[in-house]
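Structure first, commentary second.
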Amino acid sequence: MSNSQLRLMLCALPVAVLAGPAFGQGQPDFSQVQIKVHQVAGNVHYLEGQGGNVGILVGDDGVLMIDDQFAPLSEKLTAAIKTLSQKPIRMLINTHVHGDHTGGNENFGKMGIDIVAHDNVRVRLARGVNGAAPAAAVALPIVTYGDTMKLHLNGETVTIGKLPPAHTDGDSYIHFANADVLHVGDVFRTVGYPGVDGNNGGTVKGTIDALQAIVDMAGPNTKIIPGHGVVVSRDEVAAFRTNTIEAQRRVTELIKQGMTVEQVVAANPTADLAAKFVTSGPPPDEAATQRFLTAFYNALKSEL
Ligand SMILES: [Zn+2]
């Protein structure tokens, strides 16, 4: 890669990536990323690459896509989708505002694909997320909703619904009624601690409530696609909720004792929960634990 190409690519990276992986981003060596296609149930699939899991519904009416990872991966994602369907991509839903889920919006928007998201996602993208520049107009959702909305295509009833303010204040779940599949964005992940982004409206209480809402929505056989990681059932989400409540209890206790965020990070009160939160992929390193405890502490402090 030439220097000018590298510069272009770096310019296209969300600030959060350049500043370090605050919420779910790995090392941005996009040239090495390969997109893996996983079938979930019926016509619902997900694509694994770098960034959030991309949900895909295929059928005669066209492709419905959920999240779009990073801008440099748009071509690879489009190629992977072509292996599932020759129909055009018709709509793109953003589960939430983070750059590892919305980074391709501008590219897909320029292709004329309608972007759909919760009202707050559009507001935050238009303002600029985590200090980044405001998103280009073409990258903004053209359809937004407040509570729930339904799409009817490919023989599916697709419900897009608002979850309590958990990971952010614009978290959506996407439910496929016939395939019995839920995509829940980063409210639940199998590769990390609970991710409460207080800077974008996320809360610990909302996380616990949202996880309960997911468990209540799911049936015993519902397949749940997390924002990052592998497909699970409601039992794994319920266990994650129980562990989140335990982490909330422990950190709240230390806050009430008057401990600073540095002291809580040093005490690492949730060390034994790490392996329970992270059920796929490598265990969290020290930096990930530090980021989690800092975000969790700050969110809880403002919720007390
Ligand atoms: Zn996220």
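Every number in this text was worked out from the coordinates using simple rules, so none of it is lab data. From a predicted model like this one, the values you see are computed outputs, not experimental measurements. With ideal geometry, Cβ positions are generated from the backbone for all residues, glycine too; neighbour counts draw on all protein chains shown.
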Nearest-20 debye value, region 136-189 charge dipole, Cβ charges on Lys, Arg, Asp, Glu: 60
Considering only VAL204, VAL264, VAL121, give the residue with the highest GNM mean-square fluctuation for the chain, with springs between Cα atoms whenever their separation is below 10 Å. VAL264
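Lys and Arg at +1, Asp and Glu at -1: add these up for the other residues within a Cβ distance under 15 Å of GLY42 and post the number.
Numbers: positive: LYS223; negative: ASP60, ASP61, GLU156, ASP180.
My count for the surroundings of GLY42 gives -3.
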Candidates VAL196, VAL184, VAL230: whichever shows maximal mean-square fluctuation once the chain is modelled as a Gaussian network with Cα springs under 10 Å: VAL230
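From the helices alone, meaning DSSP H stretches of at least four residues, give me the mean residue ellipticity at 222 nm for the chain, per-run term -39500 (n - 2.57), in deg cm²/dmol to the nearest 500. Write out the running numbers ahead of the final one.
Details: 11 runs with 108 residues, N = 304.
That comes out to -10500 deg cm²/dmol.
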Exactly which trypsin sites (Lys or Arg not before Pro) in region 250-304 are in a DSSP loop and have at most 10 other Cβ atoms within 10 Å? none
Beyond 19 Å between alpha-carbons counts as too far, so tell me which of LYS87/LYS110; LYS162/LYS276; LYS256/LYS301 fall in that bin. LYS162/LYS276
Taking +1 at the Cβ of each Lys and Arg and -1 at the Cβ of each Asp and Glu, which of GLY229, VAL204, ALA275 sits farthest along the dipole of region 179-304 towards its positive end, judged by Cα position relative to the Cα centre? VAL204
Between region 194-231 and region 140-181, how many Å separate their Cα centres? 13
Measuring from label point to label point, each 7 Å out along Cα→Cβ, what is the SER302 to ASN199 span in nm? 1.1
I'd like to know which of ILE81, VAL138, VAL97 lies farthest towards the positive end of the charge dipole of the chain, counting +1 on Cβ of Lys and Arg and -1 on Cβ of Asp and Glu. VAL138
Expressed as a fraction of 2.2 N^0.38 Å, the rule-of-thumb size for a compact globular protein of N residues, what is the C-alpha radius of gyration of region 197-268? 1.32
At q = 0.08, 0.10 Å⁻¹, what log₁₀ I(q)/I(0) does the chain have when each alpha carbon counts as one equal point scatterer in the Debye sum? -0.32, -0.51
So for the chain: antiparallel DSSP bridges make up what percent, rounded to the nearest 5? 70
Whole-Å distance linking the alpha carbon centroid of region 31-56 with that of region 65-96 is 9
Can you give me the P(r) profile for region 221-304? Cα pairs, bins 10 angstrom wide beginning at 0, each as a whole percent. 16, 46, 29, 9, 1
Pick from PRO220, PRO165, PRO72: which is most flexible by mean-square fluctuation in a GNM of the chain where alpha carbon atoms under 10 Å apart are linked? PRO220
